[in-house]
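Peer 1: The structure follows.
The values are calculated or read from the model by the stated rules, or taken from the named source; none is laboratory data. Values in this document were obtained by computation on a predicted structure and should not be read as measured data. Note: ideal-geometry Cβ built from the backbone for every residue, glycine included; neighbour counts use all protein chains shown. The protein model used for the area step is the full one, side chains on, heavy atoms only, and it has no ligands, DNA or RNA in it. Shrake-Rupley method; radii C 1.70, N 1.55, O 1.52, S 1.80 Å.
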Amino acid sequence: MNNKKVPKYLEIVNWIKLQIAQGTLETGARLQSEKELGAYFSLSRQTVRQATSILENEGVLERRQGSGTYIALSRTPIRTSMKNIGIITTYLDDYLFPGIIKGIDGVLTQQGYSIQLSITYNKIENEMKILNVFMENGIDGLIIEPTKSALPLLNLDLYKQIHKKGISCIFINSYYEELAFPFVMMDDYACGRSAAEYLLSKNHKRFAGVFKFDDRQGHLRYAGCTSALKKRGILLHEENLIWFTTEDLEFFCTKTFEQLLLQRVAGCSAVVCYNDKIAIYVIEVLRKYKYKVPEDISIISFDNSDLATRNPVGLTTFSHPKQDLGKMAAINLLKLMHMEKINTAVKFAPQLVERESIRSL
């Protein structure tokens with residue numbers, strides 16, 4: 001009989017595998033923190049890290065920087081290929097998506113795949129219907145822009161079914177915290193931080209901000225912006241912020257929004273806008289009330305769309321890697337479908353495009 005004790009780190013390895021086998025820990029679930037596991041087993045964090053590293057190398061766990069460790073996507077039995085990929089976006093007429101779709105299509109068609117495109121209009125019930133249709137009709141893989149990604153994931157059960165059916169899935173532009181599915185997106189936190197740093201370099205110290213509340217991009221851009229300001233001991237004051245949702249966009253054309261915007265920018269020398277479309281709304285309102293851009297107030301935004309150059313004053317904005325993002329999502333999806341290793345969290349670094357909408361103080 002072998003009386004040799006099992007190494008301490010293997011106790012954790014075996015325990016995690018048992019929890020997964022019993023269904024206590026499901027695919028995509030977040031694992032307890034190293035501190036919590038250490039307390040549970042009365043072991044050091046170094047021992048816990050050794051155990052989780054082994055499981056990560058085996059493909060059982062996935063680490064997501066800044067978010068934690070998750071139960072990785074298990075590899076289900078190989079399905080018969082239908083050479084058909086589903087693409088789900090929130091919008092199609094938005095300035096970003098034609099470029100993204102072009103990037104995706106260029107990769108997939110070369111590999112003999114056809115694509116089916118569906119649009120949620122950023123409505124959770126539409127996402128639910130589309131996911132059900134794709135599962136019923138059969139699909140090899142999915143490239144999905146999450147719907148209302150900053151809100152709780154109400155379609156979690158459907159995504160679990162997608163995984164159980166062996167359908168590979170990649171998120172674009174954002175992700176759901178509840179899932180450990182791979183994603184490809186801009187580094188929105190870094191973009192927000194860089195926007196604030198650029199304004200600070202131009203001696204702006206009091207900013208207003210217009211951010212989207214129901215999508216993760218808005219939260220990350222806001223968080224990045226505030227992090228840069230905090231390093232300088234500066235606050236992004238609540239009275240200078242406007243948070244909006246998808247359903248609020250019609251509100252932007254009203255007198256009420258105009259008065260709210262004028263209140264929120266009072267005392268500020270610059271406005272950080274969620275994207276170019278919002279920046280144009282803001283500029284039009286400011287002009288209506290005799291504000292000059294950038295003489296009276298500076299504007300910075302994100303996406304570097306065609307809108308950025310259609311105004312008398314060109315927008316200073318951050319470039320969105322539309323086509324490259326689509327290509328990367330398609331490449332990673334194909335690798336995932338063939339069970340090849342990929343970078344599960346691809347983030348494109350910010351690239352500033354300077355124009356005339358910002359002046360130095």
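Peer 1: I need the shape label for the range 212-290. Rule: rounded when a/c is under 1.5, else prolate if a/b > b/c, else oblate, with a, b, c from the alpha carbon gyration tensor.
Peer 2: Note, shape of the range 212-290 comes out oblate.
Peer 1: Quick check for me: using +1 on Lys/Arg Cβ and -1 on Asp/Glu Cβ, what's the dipole size of the chain about its Cα centre, in debye to the nearest 20?
Peer 2: Once rounded to the nearest 20, the dipole reads 1040 debye.
Peer 1: Of 336, 268, 291, whose Cα points farthest to the positive end of the dipole of the range 256-361 (charges on the beta-carbon: +1 Lys, Arg; -1 Asp, Glu; origin at the Cα centre)?
Peer 2: Going by the Cα projections, it comes out as 336.
Peer 1: Could you calculate, for the range 314-361, the ratio of the Cα radius of gyration to the Kirkwood radius, expressed as Rg to Rh?
Peer 2: With Rh from the inverse mean 1/r over Cα pairs, Rg/Rh is 1.24.
Peer 1: Under 8 Å for C-alpha pairs, at least 6 residues apart: give me the relative contact order for the range 191-263, rounded to a whole percent.
Peer 2: Relative CO of the range 191-263 lands at 36 percent.
Peer 1: With the cut-off at 1.5 for a/c, could you classify the range 137-294 from its C-alpha gyration tensor as rounded, prolate or oblate?
Peer 2: Prolate, because a/c is 1.5 or more and a/b exceeds b/c.
Peer 1: Same structure, new question: By its C-alpha gyration tensor, with a ≥ b ≥ c as the square roots of the eigenvalues, how is the range 130-222 shaped: rounded for a/c under 1.5, else prolate for a/b larger than b/c, else oblate? If you can, show how the numbers build up before the last one.
Peer 2: Details: a/c = 3.92, a/b = 2.85, b/c = 1.38.
It comes out prolate by the Cα gyration axes.
Peer 1: Using 0.36 nm per residue of separation minus the Cα-Cα distance, give me the extension gain between residue 57 and residue 288 in nm, one decimal.
Peer 2: Taking residue 57 through residue 288 to full extension adds about 77.3 nm, to one decimal.
Peer 1: Enter the angle in degrees (range 0 to 90, nearest 10) between the Cα long axis of helix 216-231 and the first principal axis of the Cα atoms of the chain, meaning the one along which they spread out most.
Peer 2: 70
Peer 1: Rank 99, 143, 19 by how far each Cα sits towards the positive end of the charge dipole of the chain (+1 on Lys, Arg Cβ; -1 on Asp, Glu Cβ) and give me just the farthest.
Peer 2: Checked the options; the winner is 19.
Peer 1: What per residue convex hull volume, in Å³, comes out for the chain when only alpha-carbon positions are used?
Peer 2: Hull volume normalised by residue count: 155 Å³.
Peer 1: Summing -39500 (n - 2.57) over the DSSP H runs of n ≥ 4 in the chain and dividing by its residue number, what mean residue ellipticity at 222 nm do you reach, to the nearest 500 deg cm²/dmol? List each step's numbers first, then the result.
Peer 2: Numbers: 11 runs with 143 residues, N = 361.
The helix-only estimate for the chain comes to -12500 deg cm²/dmol at 222 nm.
Peer 1: Taking the simple approach of a point 7 Å from Cα along Cα-to-Cβ for both residue 165 and residue 349, what is their distance in nm?
Peer 2: For residue 165 paired with residue 349, the spin-label model returns 4.0 nm.
Peer 1: Just to make sure I understand: if all protein chains stay in place, what is the order of 67, 114 by accessible area at 1.4 Å, largest first? Display every interim value, and only then the final one.
Peer 2: Details: 67 25, 114 60 Å².
These residues rank, largest area first, as 114, 67.
Peer 1: Which order, highest average first, do 201-210, 248-257, 174-183, 35-44 follow once you tally other Cβ atoms within 10 Å for each residue and take the mean per peptide? Walk me through the numbers on the way to the answer.
Peer 2: Details: 201-210: 19.3, 248-257: 12.4, 174-183: 22.2, 35-44: 13.9.
Ranked by mean Cβ neighbours within 10 Å, highest first: 174-183, 201-210, 35-44, 248-257.
Peer 1: Show me, for the range 245-258, the HN-Hα J-couplings you get by feeding each phi into the Karplus relation (A = 6.51, B = -1.76, C = 1.60, θ = phi - 60°), rounded to Hz, glycine and proline as x.
Peer 2: So the J values, rounded to whole Hz, are 10, 3, 6, 8, 4, 5, 5, 5, 8, 9, 5, 4, 5, 4.
Peer 1: Along Cα→Cβ, 7 Å out, is where each label goes; now give me the distance between the ones at residue 32 and residue 249 in nm to one decimal.
Peer 2: 4.5
Peer 1: So for the pair residue 306, residue 260, with labels modelled 7 Å out along Cα→Cβ, what separation do we get in nm?
Peer 2: Going from the residue 306 label point to the residue 260 one covers 2.9 nm.
Peer 1: To continue, here is another question. Farthest toward the dipole's positive end in the chain, which of 180, 51, 203, given Cβ charges of +1 (Lys, Arg) and -1 (Asp, Glu) about the Cα centre?
Peer 2: Projecting each Cα onto the dipole axis, the largest value belongs to 51.
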